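Let me begin by presenting the structure, written as structure tokens, before commenting on it.
Bear in mind that the values in this text are calculations on the coordinates, not laboratory data. Predicted model only: the values in this text are computed from it and were never measured. Here the Cβ is made from the backbone with ideal geometry for all residues, glycine too, and neighbour counts use every protein chain on show.
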Amino acid sequence: MGYVPASQVGAELLFDVISTAYERSSVIVTTNLPFEEWKEVLGSERRTGATLDDVGTILETEIANLADLFQIAFQFLLNPGTTYQFCEIVMPGWTTDLAGAFVPGGNLPNPDNSVQCVNFTPGAGQIVEFLVDNQPPPEILSGRTIGFWKNWSSCKKSHGKQDPVLDETLAIAPVTVGSLVLGPTAVCGVVNLLNKSTMTNGTKKASDPLFNMVAQLIAAELNVKAGAGICPKAATAITQANALLVKYAFNGNTYSPKLTKADAKTANVDAEASYDRPKRAEVAIS
């Protein structure tokens, strides 16, 4: 990009491609121009900024974790005097103390409410720092029900206007079901499993101890990823449940060999352990 200037229509089409790929796949753009000169090619640079009417263009993404002591340094060189956005992905129910934060594209249909952004305009040679203190849900002692995760998703069966919280949570932290790792592209399959059904066709398996355990397991993992506390008993139950699924080569639809009576009892115990005392913080699901 850069040898031949694009028309306004071409610039809009390019943005549509990047916007469609946003948070779905990676896009690599090569150019012989520095960032501040992109406007000479695209004809308009308004797409680089996030507002309530525009999701903007992601320049760089970093993840803070314990390994880096929750400190990250962005590498993308900024243009002095240009307004950018610092954005934070906030888990369902959590809050952020970013002052003046807004949802990019918040005025558009079906915005991603998990993203909170603030504007900043760096000066020449300036290092801009953000100190973020995200807070867990005020009712941290209660987990979300299986019904909540099924209905607050893009594959919900209800007719409500719930946000796709399940999709957003899976995008941030996929769940592990035996040897399966299920992210946002498998959200409908996850809903089926939460419904104690086969992942692909939705065939009911509520009387099957393994499918019953899977529903409890997924909800437990989702609650922990969304900020719920967990006690040693529930953590052990999650580990044992996944080990049992690996033992029987569970693929979301079938498993083999036939479940033994002893392992069926184990499956019921593990499901009960992660379901026990739903009003407590350490219990993963309710």
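In terms of the mean number of neighbouring beta-carbon atoms within 10 Å, the peptides 226-232, 79-85 order highest first as 226-232, 79-85. Applied to the range 114-130, the Karplus parametrisation 6.51 cos²θ - 1.76 cosθ + 1.60 on θ = phi - 60° returns per-residue 3J(HN,Hα) values of 7, 9, 10, 10, 10, 7, 8, 10, x, x, 4, x, 7, 9, 9, 10, 10 Hz, with x for Gly and Pro.
Exposure proxy check: ASP270, ASP112 ranked by fewest other beta carbons within 10 Å?
Going from sparsest to densest Cβ surroundings: ASP112, ASP270.
Once the mean 1/r over all distinct Cα pairs of the range 49-135 is inverted, what Kirkwood radius in angstroms do you read off?
Here the Kirkwood hydrodynamic radius works out to 14.0 Å.
Each peptide among 245-252, 258-265, 123-130 gets the average number of other Cβ atoms lying within 10 Å of its residues, and from highest to lowest they stand as 245-252, 258-265, 123-130. Annotation: extensible slack from PHE74 through ASN107 equals 9.1 nm (criterion: 0.36 nm per residue apart, minus Cα-Cα distance).
Under a 5 Å amide H cut-off, with hydrogens placed 1.01 Å from N, LEU108 pairs with nothing among residues at least 5 apart or on other chains.
Maximal additional length on extending the ASP53-ALA99 stretch stands at 14.6 nm, based on 0.36 nm per residue less the C-alpha distance. For SER197, the amide hydrogen comes within under 5 Å of the amide hydrogens of LYS205, counting only partners 5 or more places away or on other chains and with H modelled in the peptide plane. The stretch between THR260 and SER154, if pulled fully straight at 0.36 nm per residue, gains 34.6 nm over its current Cα-Cα span. For ARG144, the residues whose amide H sits under 5 Å from its own are SER286, ignoring neighbours fewer than 5 places away on the same chain, with H placed 1.01 Å from N.
Quick one: LEU52, LEU217, LEU244, fewest Cβ neighbours within 10 Å first, how do they rank?
Ascending Cβ contact count within 10 Å gives the list LEU52, LEU244, LEU217.
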